[in-house]
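The values are calculated or read from the model by the stated rules, or taken from the named source; none is laboratory data. Computed from a predicted structure; not experimentally measured. We place every Cβ from the backbone using ideal geometry, glycine too, and count neighbours over all the protein chains shown.
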Amino acid sequence: MSTITIIGTGNMARGIAARALAAGRNVEILGRDAQKAQSLAAELGTSSTAGELGRTPAGEIVVLALPFDAAKDVVSTLGEALAGKTVIDITNPVNFETFDSLVVAPGTSAAEEIAALTPANVVKAFNTTFAGPLATGESNGQVLDVFIAGDNAEATAAVASLVSDGGMRPIVAGPLKRSRELEGFQFLVMTLQANPAFETFNWSTGLKIVD
Ligand SMILES: NC(=O)c1ccc[n+]([C@@H]2O[C@H](COP(=O)([O-])OP(=O)(O)OC[C@H]3O[C@@H](n4cnc5c(N)ncnc54)[C@H](OP(=O)(O)O)[C@@H]3O)[C@@H](O)[C@H]2O)c1
């Protein structure tokens with residue numbers, strides 16, 4: 001059985017781990033706080049292990065369940081240990097001081113900035129799915145759409161297969177530069193979610209193409 005390494009022990013780590021386990025993968029949780037990593041692995045069950053951030057990830061797929069700045073630091077520190085692996089960037093690089101823009105410049109994206117720092121094949125995914133629906137595997141009874149962008153066909157296909165095996169619908173949107181639109185799209189969703197005019201746009205919502 002293949003292993004997915006998740007770096008981070010927060011809300012998205014928990015949600016993506018739940019879907020990876022549902023997909024029949026083993027899960028390795030790595031965190032800067034070994035105790036938090038152990039607790040999350042214990043909560044997830046027998047197909048999960050834990051370790052400290054800094055060790056070479058066991059998984060062929062590595063999920064960065066971290067804030068954008070931390071994700072950049074972590075891939076830089078891991079360096080060649082990530083060579084040949086698929087790294088999933090889930091970040092939404094929102095400027096939380098103004099909540100009025102992204103912190104990445106127009107014409108690029110968090111995913112592309114992370115890709116420039118690592119020899120890994122970086123794939124954008126899961127940035128438009130909130131943690132709660134990931135944990136339960138649905139949003140108001142509907143299958144979750146997971147938008148995926150990447151430049152390496154094998155890496156993108158591996159992420160799409162993880163998504164479909166986990167009971168969600170993968171939508172491969174195109175090359176890694178499509179992350180610009182995915183990050184902008186989710187920023188819009190977040191501003192609507194914070195807008196009191198839209199009472200029902202809560203943490204259990206999901207971005208979905210209706211067809
Ligand atoms: N929450 C959502 O619904 C959602 C949806 C889509 C995308 N995202 C994106 O997913 C990412 C994670 O979000 P989250 O909601 O899971 O956040 P979270 O619950 O706050 O968890 C963040 C994790 O990152 C770790 N971390 C923070 N700074 C670090 C550093 N400098 N070095 C190493 N580890 C560090 C934290 O460790 P400690 O516990 O030790 O502080 C924690 O394990 C973010 O980029 C966010 O934009 C979130």
Count of the stretch 86-114 residues which are assigned to a loop (DSSP other than H, G, I, E, B) and either under 20 Å from the mean Cα position of the chain (by Cα) or among the small types (Gly, Ala, Ser) (or both): 13
Residue match in the stretch 42-65 (condition: within 26 Å of Asp165 (Cβ to Cβ), in contact with an Asp or Glu (Cβ under 6 Å, 6 or more places away or on another chain) and hydroxyl-bearing (Ser, Thr, Tyr)): yes
Residues of the stretch 6-46 that turn out to be away from the ligand (no atom under 12 Å from the Cβ) and closer than 25 Å to Ser139 by Cα, as a count: 14
Counted residues, the stretch 44-72 - those being among the hydroxyl-bearing types (Ser, Thr, Tyr), modelled with pLDDT of 95 or more and farther than 13 Å from Ile6 by Cβ: 1
Residue ranges of strands (runs of 3 or more DSSP E) in the stretch 1-64 with at least 3 members surrounded by fewer than 23 Cβ atoms within 10 Å (Cβ to Cβ): 48-52
Selection status of Val94, touching a residue at least 40 places away in the same chain (Cβ under 8 Å), closer than 19 Å to Ala131 by Cα and of a type in the set (A, V, I, L, M, F, W, C): yes
Selection within the stretch 91-135 - near the ligand (Cβ under 10 Å from one of its atoms), β-branched (Val, Ile, Thr) and surrounded by 24 or more Cβ atoms within 10 Å (Cβ to Cβ): Thr91, Thr129
Hits in the stretch 47-75 (condition: closer than 17 Å to Ala18 by Cβ and either free of Cβ contacts under 8 Å to residues at least 24 places away in the same chain or more than 12 Å from the ligand (Cβ to nearest atom) (or both)): Ser47, Ser48, Thr49, Ala50, Gly59, Ile61
Ala116 being in contact with a Lys or Arg (Cβ under 7 Å, 6 or more places away or on another chain) and hydrophobic (A, V, I, L, M, F, W, C): no
